[in-house]
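The values are calculated or read from the model by the stated rules, or taken from the named source; none is laboratory data. From a predicted model like this one, the values you see are computed outputs, not experimental measurements. With ideal geometry, Cβ positions are generated from the backbone for all residues, glycine too; neighbour counts draw on all protein chains shown. Just the protein is used for accessible areas: all its heavy atoms, side chains included, with ligands, DNA and RNA removed. Shrake-Rupley method; radii C 1.70, N 1.55, O 1.52, S 1.80 Å.
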Amino acid sequence: MSEKKERARFTCDWIFNILVVLCDGKVVCGCADPYGERPLGYLQQSSLHEIWNSEKVKGIREGLNKGYAAFCLDCGLKRFLEEKEEVPVRPVHLEILPRIFLEPTVLCNLSCFQAVCNHESGIAKTRKRSKFPFDEFQSVIDEVGKNLIRLDLFNYGDPFVHPQAVEMIEYVKQKYPSVYLYTTTNGLILDDEKIRRIVRSGLDEFTFSVDGPDQETYIRYRRLGDFEKVLKIMSKFVEERNKLGREVPFINWRYILFKWNDSRGKMNKARALAAKIGVDRLTWEITDHPREALSKKYQIGTRHWRKIYHEIWDTSQIGNAIKDKKFLAKIKVLTRDLVTQVNKPRNIQVLVKNIGGAPWLKDTYSGRRIIRLGVQLFDQDKNLRELNYARAFLNRPMARGEEDIIRLDLPSWPSSGEYWLKFDMVSEGIDWFEAGGSSVVWKRYKVLE
């Protein structure tokens, strides 16, 4: 790291929101520490909550609140601040741990090309044990489950190499059904019985890592893989889920872009296959590793990257490369005079149309992914005042091409002045449509004395 960057100010959200638990009980700060070289603590010595508010962790938070923490210098997750950007200041002591990554195992059935967790890397030797014991898993979940918002059941290795991975999923959703449970896999270890149990468990989201539209391309990175097999497994997952009439697990196909799989032809073939087998979402992942394999065409900032921006994995939670599964809306505010008085609510009418293809659900099994009309409130200079200012339910589920008029109640506001209202659709618990490329509508709003 250059001296200039080492002295630069930076921030990070991880230590304020997340802990990562490795399969041997070591606790680290983020997923960018594959070999556990910067431990925060050990479950054999302390509880997760004790580590969460240990002096070491609070010291890191104090440093980040000032724009610098020596602990973070070797980590790639931190974000450097602009010259005049203020340092975000957050509480140092936090009662609730909202999210954890838990690594069931560091082992994997594949050996991906030059991956930090492949068989040749020796990553398994950096763990004192290769699998997280099920009884210890239950203890950790019982400690944090009551207040846990999200559990990511993976880190390095493939979770389903663990012989009790399915039992882990079932345990979480049976005892703490409100926890958003997410996992990812290459999929090849799953059989019909495991698929059936996972689908029925209530797991919220499931990602298959498949980096190509055919066997020859796929195994360039996923060495030892079987493309036709994983395609059938993804299809079976969709079939089992649809039999239950549920929206969960939401099924992603994530495709890392390399120089050998980034042609328009291969990407379009993946789009067609994803639509054919019925997965909910196909996204591209941009990587710079391994260096000799990276897709120069789609590196961040290039013309090609901008073209697929709303289809990239980490630009939103809602973007999609499958044309008929996109969340896109046309919105028209029908009420002409958007004026009210201080402390008086206002109801208006808004026309909405589904132009993206993904179905808009009014009710869901999980209570998430319900589609609603939302309004954000901004001041006259378009500085955000209230992100979740107003919401309105759909009158009914809406398929592609359907439109409806929705009554929206704008809450009372205590201060007079001129404001802006930003209208957008939202998939509750997931993301705003705008993040996936949908157009929004801005309207002036007057609040009078």
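General observations
- Per residue accessible area of region 345-442, 1.4 Å probe, in Å²: 45
- Rolling a 1.4 Å probe over the protein heavy atoms leaves W260 with an accessible area of roughly 30 Å².
- With the simple model of a label 7 Å out from the Cα in the direction of the Cβ, Q44 to K353 spans 6.4 nm.
- Förster-model FRET efficiency, 30 Å R0, L77 and K382, C-beta, rounded to 0.05: 0.50
- Taking all protein chains together, E285, E428, E216 sort by accessible area into E216, E285, E428, largest first [probe 1.4 Å].
- The simple spin-label model puts a point 7 Å past each Cα toward its Cβ; for A70 and N17 those points are separated by 2.8 nm.
- Within the assembled protein chains, the solvent-accessible surface assigned to H304 is about 50 Å², based on a 1.4 Å probe.
- Straight-distance candidates among the lysines for linking to K26, with alpha-carbon spacing under 20 Å and chain neighbours fewer than 8 residues away dropped: K56, K58, K125, K128, K131.
- Relative contact order (%) - region 374-449, alpha-carbon pairs under 8 angstrom, separation at least six: 31
- Seen from R127, the other residues with C-beta closer than 12 Å to its C-beta sum to a net charge of +3, counting Lys and Arg as +1 and Asp and Glu as -1.
- Paramagnetic label reach from R254 (point 7 Å along Cα→Cβ; backbone nitrogen cut-off under 16 Å): within region 304-327, residues 311-321.
- Fully extending the segment from R306 to K128 would add 59.8 nm, taking 0.36 nm per residue of separation and subtracting the current Cα-Cα distance.
- Among the listed pairs K146/K276; K296/K323; K84/K332, those with a Cα-Cα distance over 31 Å are K146/K276; K84/K332.
- As a calculated quantity, the FRET efficiency between K229 and S139 at R0 = 45 Å, using C-beta atoms, amounts to about 0.80.
- Value of relative contact order over region 148-230, rounded to a whole percent, pairs C-alpha under 8 Å and six or more apart: 28
- The portion of the accessible surface of the chain made up by carbon and sulfur, rounded to a whole percent, is 49 (1.4 Å probe; DNA, RNA and ligands excluded).
- Surface accessible to a 1.4 Å probe, per residue, for the residues of region 71-222, Å²: 44
- Percentage relative contact order, the chain, counting C-alpha pairs under 8 Å, at least six apart: 10
- Residue-averaged [θ]222 nm for the chain, counting only DSSP H segments that reach four residues, each worth -39500 (n - 2.57): -6500 deg cm²/dmol
- Charging the Cβ of each Asp and Glu at -1 and of each Lys and Arg at +1, and nothing else, the dipole of the chain about its Cα centre rounds to 1280 debye.
- Rounded to whole numbers, the Karplus 3J(HN,Hα) couplings from phi for region 324-329 are 8, 10, 6, 9, 10, 9 Hz, using 6.51 cos²θ - 1.76 cosθ + 1.60 with θ = phi - 60°, and x at Gly and Pro.
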